[in-house]
Structures are given as C-alpha cells and as structure tokens.
Amino acid sequence: MIRLCLGSKDIKPNLIRRMPLPACIVLFAFAAVALSASAQSAPDESRIDFISTFVKPGEPVPQECAQFGALVQKLLTVYEHPAAWHWIVVCDESEWMRLERHVGLRLTPNNQILAFTNLDVRSTCLRGWMLTHPVDVSPELQPDHVIRHELGHILEMTGDEVVAERRAGLLLKQRLVEEKRMTAAQRFPMSTGQ
C-alpha cells in the first residue's frame, strides 16, 4: 500500500511524493537522510514535513494538516530549539495508529502517545490530530506541553522521561519570565532623558 510523505518548509502546500509506508518509517527511524526530498530547507534549518493517509499524489497539503504544522511552527518560535531538526506531523489518526504499530509504541493505556523523538536522526513525530483536539484538559496533553516535552528530550539529548520533563518545566519558566519582562517593558518604556 502506498502512503504519502508531504513536505513543506514553511507550512505552504508543496509537492507530494509517493513513498511506501515502511520506507517513511525506515527513513524516520533508522536513516540519517531527509524524509522528504521535496522539503526545501537548508541543512542548518529545522523543517516540518507531513504524513497523511488520505491525500493523493500531486494534491496540496490539506488545510487541517497545514493547521497542525502552523501550530507546531508557532510553538517552536516560543522555545529554545535546535537549528536543524526534522519535525514530522502525522495528519490523521489512522496513519498515527499504523505508525505506532510499526514502531512498537502501543504501550500506554488510553492510547495517549502524542509524540516520539529519535535523537540519532534528529527527528520528532507528532500526532497532529491530538495537538488540536486534546482528549481532556490535562496539562500534559496540551500542545504547548507536548512540544516542550519533546524539546526536553532533544535539548538534553536523552530518552529519559524525567530529565525531558524537567527541561520542559525549565523551558516554561524561561518563557514566563520573558513574557513578564516584555510586558513590563511595554508598560514602563525606558526614557532617554535627554
């Protein structure tokens, strides 16, 4: 069966090329090469690519999928992140389930795996649907936390969940301090006094 790997540097519709699902997974899980040849980013830039079950070759990235990618892109602008990382948004639940089974991730109750990172190939897969449709209001299921948690793995270069979660907390504190500083600067601009 053929699946699609969709590529986009800045979340604009791009060419879609056909690739068998196992090839997508193998590229993500084991190879140090780019998932999508259609991606236009330079080696030192992060990029966001898409995988979807329901799109035919030659069609643009579906609007909902582009929205998932835009959310990821927005969150990445808020937090420290590596200059060159491959973010893969899995656009639909059937593709995510297929991916989970293929890489053996069906280990948690309630099927709440929202992302996973492979440090060796500098790639993270994100469950697009769940980013915009969290199953409940738990903080750890919200998009902001999912991105921070995966960044914790990435920035610490670790598979350790406790270390990643600790770094995610630090990223949040840094963001809140910066927001407070920016708010204060807007409310009380410094005068030159001359």
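The values are calculated or read from the model by the stated rules, or taken from the named source; none is laboratory data. All values derive from a computational prediction rather than experimental measurement. Every residue, glycine among them, receives a Cβ derived from its backbone with ideal geometry; neighbour counts consider all protein chains shown.
Look through the range 125-141, keep the residues that are of a type outside the set (D, E, K, R) and out of contact with any Leu (no Cβ under 9 Å at 6 or more places or on another chain), and return whichever of them is modelled with the highest pLDDT.
My answer is W129.
Just one of the numbered conditions (1) closer than 22 Å to E178 by Cβ; (2) polar (S, T, N, Q); (3) without any contact (Cβ under 8 Å) to a residue 40 or more places away in the chain is not true of T124; which one?
(1)
What helices (runs of 4 or more DSSP H) completely inside the range 105-191 contain at least 3 residues that are touching a strand residue (DSSP E or B) at 6+ places or on another chain (Cβ under 6 Å)?
Answer list for the range 105-191: 143-156.
So, in the range 142-189, of the ones that are loosely packed, with under 15 Cβ neighbours inside 10 Å and among the polar types (S, T, N, Q), which residue ends up modelled with the highest pLDDT?
Filtering first and then ranking leaves Q174.
Kindly provide the set of residues from the range 103-123 that are modelled with pLDDT of 85 or more and not β-branched (V, I, T), ordered by number.
The answer is L114, A115, F116, N118, L119, D120, R122, S123.
Let me confirm something: among D136, D92, which residue is among the acidic types (D, E) and touching a helix residue (DSSP H, G or I) at 6+ places or on another chain (Cβ under 8 Å)?
Only one candidate passes the filter, namely D92.
When A84 is evaluated against the numbered criteria (1) out of contact with any Asp or Glu (no Cβ under 9 Å at 6 or more places or on another chain); (2) in a loop (DSSP other than H, G, I, E, B), which criterion, by number, is the only one it fails?
It fails just one condition, (1).
Test each condition in (1) buried (at least 19 other Cβ atoms within 10 Å of the Cβ); (2) among the hydroxyl-bearing types (S, T, Y); (3) more than 19 Å from S52 (Cβ to Cβ) for T124 and report the one that comes out false.
Of everything listed in (1) buried (at least 19 other Cβ atoms within 10 Å of the Cβ); (2) among the hydroxyl-bearing types (S, T, Y); (3) more than 19 Å from S52 (Cβ to Cβ), T124 misses just condition (3).
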